[in-house]
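No lab work stands behind these numbers, since they all come straight from the coordinates. Because the structure is predicted, anything quoted here is derived from the model rather than measured. When we count neighbours, we look across all protein chains shown, and the Cβ atoms used for this are built from the backbone with ideal geometry, even at glycine.
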Amino acid sequence: MDAKDVLATTWTLSDLIDQKKIFKDNHVLDLACHDGQSSSIIKKSGAQSVTGIEVRENLVDQAKSCYGKEITFLLGDITDADLMKKYVATHDVVVALGVLYHLYDHFNFLSLILRPNVKHVILETLYGPESLSPGMFWGFESVFSDINGWNNELDVIPHGTPNLSWILQVADLFGFSCDYVRKYYRTTNWDQPDNSRMVIRLFNRKSIISQSLRIEDIYEWNNNQLVIGDI
């Protein structure tokens, strides 16, 4: 993991602390939970229960060793529809940090987590250049890195980075809106120099009352405005 990956992880884990009111007394599903650090912060933030799912066995073993007394860690593929339907159905909040830009079927993944029983979904992701129109920016990556995407049949897989318009438009199809965004640093990814990282909080409009953010408001960010929405 290079210096920027470490920095991104530090900022993302720190941002979880700001979401205490979302986690408190809820059942939280932490997808692609890696070594369990994020799951631990969620539990310490007052979650009633936390379940972490990770596809790499060495990371699941590490998570269980460090945090397994209070948190349930499962070995599983978060693109497995049957697995996801089973566990999403029993949780109130879904967290997916550093996931979207490693996928190649983003719509299917979001359709599995933006479910009627889920109150909030928290995403951390690289996002592509914003034009106020949905966009996806594609590349390829090896599955052999612990921080890359996964496929049990291929060594290299395609993966796409959505822009925020794409994420918000898909979320709207399932009755979810955005009420919080935190922008991190600008980075370069697949020769797309405008890519940046952000944390996005989506809420279920049928179960949560909150102020929806418009893509036009978020698009007008400048570098001094790193947070939009009510923490």
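General remarks:
- Separation of the Glu216 and Asp18 label points, Cα + 7 Å toward Cβ, nm: 2.5
- Tensor-based shape of region 3-229 (alpha-carbon gyration tensor, a/c under 1.5 rounded, otherwise prolate or oblate): rounded
- Ranked Val170, Val95, Val227, criterion: other C-beta atoms within 10 Å, fewest first: Val227, Val170, Val95
- R0 of 41 Å, Cβ-Cβ distance Val227-Lys69: FRET efficiency to nearest 0.05: 0.75
- Each residue in Leu132, Leu59 was given a count of other beta-carbon atoms within 10 angstrom of its own, and listing them fewest first yields Leu132, Leu59.
- Full extension of the chain segment joining Leu83 with Asn152 gains 23.3 nm, where the gain is 0.36 nm per residue of separation less the Cα-Cα distance.
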